[in-house]
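I have placed the structure first, in the form of structure tokens, so that the comments after it can refer back to it.
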Amino acid sequence: MMSGLTIVWQQRDVMLSGLATTLELSVIGAILAALLGAVIFAALIHRARPVRFAAIALVDAMRCVPFMLFCYLLYYGLPYAGLTMDNFTVGIVALSIYHASYMAELLRGAWKELPRDTIDAGTAFGFHGIGLLRIVLPPVFIAAVPMLGNQFIQIIKDSAFLVIIAVEELTYAANEIQATYYVPFASFVCAVLGYWTLCLIVEGGVRFFTEMTAARR
Amino acid sequence: MEEGDYLALLAGAWTTLAIALPAIAIGAPLGLALALIRWRKLRILDPIAAILVSLFRATPSVTLVLLVYYAVPQIGIQLAELPAAIVTLTLGTMAYTCEIWRGALLAFPKDQYDAAMALGMTSAKRFRLIVLPQIFRASLPALINEMTLLIKVTPAAAVIGLVEITRAAVRIGAETYQPLPPFMVGLVIYVFIIGCLVGLQRFFEHRQSRLAAA
């Protein structure tokens, strides 16, 4: 056990670069998922029924798909569509498309809870489409921060699935070290502690943000 | 894809359920135990429960399944693939259901509890006859929702070699040199399983709102 930790400590560069990759995947994935999620959200609350139904179908379908299967589908499917990209990019694309649907649903949930008067005022002034979204989105995003934080944690956790397409993130790094030196306990425990730290940081950030906005109100 | 390939995918579906069903059956009562510890604010145990929940909520199933499968034998316990996968998902389910149960316990009307106490019920009886039936009913939709999440992380078991739906699809794809058709069939199976659960969840939610209205 102790010797295992010593080995992992000696290999800390591998672990830290894995942690950095996990962070990179999650942050870029989360930002893209939020942007794409806002677009899907706009479709979910669109006035035209076909647009709305298409968006609902997309969101419902995505919620039935396991992330790992979705990864494989993109990994093998994108080349058929004439798109070749490296594994890291496939990982980012998978994380952002998959979680965009979840983000859109969270935004819709926050939108439903929001007082109607801002939206009514917006439509009364003749805003619609993009113009109305510019009024609606900021308060929706602020109200949704705790839920978006949870989704961000989900993205961090899902990024571990990318080990199957050989993206060199934290779980991949831990697996490499355990395969080379046979120290499974120390290496995976360190990986778990890495994920835990990231999630605690996100939770702390969300708490800081909600307290700050509550104090300003 | 041939007939045998479809059968292999169905066998994979069986394995997926063989991982997920025991995980919820063991994980949900463990989650309830943790929730009760936190609800009663038991000394020493309460912070431990809080730490366990926080830790397992943050741990990816893929990482945890590798840890359980490769590291547990080091302390002298031999674990086959299936039990290792079940243990992994049980720990995650325990953490998530703890929060569900805790929410229901916190929302439980205190006056009923006081009334039961006034009738001279023992603490165990109060819990079994008054609290448990109601928090179970209140938590049921959320518990079923947790099951759909659980089904979606079962592919993690593929990394230690269990042939569930996703791994079965990968294998067929490798044999036939056509990866996409087996994945699409696998997708249909997942949509079917999760669709059933979502239907069940809506049924219970609907029944509850009807009961509340009556």
- Consider all pairwise Cα distances in chain B and report the whole-number % of them above 21 Å. 62 percent
- Note on the structure: Ranked by GNM mean-square fluctuation in chain A (Cα springs under 10 Å), the top entry among A:S17, A:S26, A:S101 is A:S17
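With a 10 Å radius around each residue's Cβ, average the other Cβ atoms per peptide and rank B:19-27, A:73-81, B:186-194, highest first. Present the calculation step by step, with values, prior to reporting the outcome.
Working: B:19-27: 20.4, A:73-81: 15.3, B:186-194: 18.8.
Highest-to-lowest ranking by the protection proxy: B:19-27, B:186-194, A:73-81.
Does region A:57-156 come out rounded, prolate or oblate, given a ≥ b ≥ c as the square roots of the eigenvalues of its C-alpha gyration tensor, rounded meaning a/c under 1.5 and, failing that, prolate meaning a/b above b/c? Walk me through the intermediate numbers first.
Details: a/c = 2.88, a/b = 2.11, b/c = 1.36.
It comes out prolate by the Cα gyration axes.
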- Message: If you take each beta carbon of peptide B:85-97 and count the beta carbons of other chains within 10 angstrom, what is the mean?
- Response: 0
- Step through the residues of region A:194-211 one at a time and calculate ³J(HN,Hα) from phi using the Karplus curve (6.51 cos²θ - 1.76 cosθ + 1.60, θ = phi - 60°), rounding each to whole Hz and writing x for Gly and Pro. x, 4, 4, 4, 4, 5, 5, 4, 4, 4, x, x, 5, 4, 4, 5, 5, 5
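How about region B:1-96: which GluC sites (Glu not before Pro) there are in a DSSP loop, with at most 16 other Cβ atoms within 10 Å of their Cβ?
On the way: sites: B:E2, B:E3, B:E81; in loops: B:E2.
Passing both the DSSP loop test and the Cβ count: B:E2.
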- Message: Taking R0 as 35 Å, what FRET efficiency do you get between A:Y182 and B:L21 from their Cβ-Cβ distance, rounded to the nearest 0.05?
- Response: 0.55
- Query: What shape does chain A take by its C-alpha gyration tensor, where a ≥ b ≥ c are the square roots of the eigenvalues and a/c under 1.5 counts as rounded, a/b above b/c as prolate, and the rest as oblate?
  - Reply: oblate
- Message: How tilted is helix B:3-39 with respect to the longest principal axis of chain B? Cα atoms for both, answer in degrees (0 to 90, nearest 10).
- Response: 20 degrees
- Query: Where a ≥ b ≥ c are the square roots of the eigenvalues of the C-alpha gyration tensor, would you call the protein assembly as shown rounded, which needs a/c under 1.5, or, failing that, prolate if a/b is larger than b/c, or oblate?
  - Reply: rounded
- Note on the structure: Restricting to lysines and to Cα separations under 22 Å from A:K157, and discarding same-chain partners fewer than 8 apart, the set is B:K152
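Read the figures in this text as sums done on the coordinates, not as results from a lab. Not measured: the values here are computed from a predicted model. Using ideal geometry, Cβ is built from the backbone for each residue, glycine included, and neighbour counts are taken over all protein chains shown.
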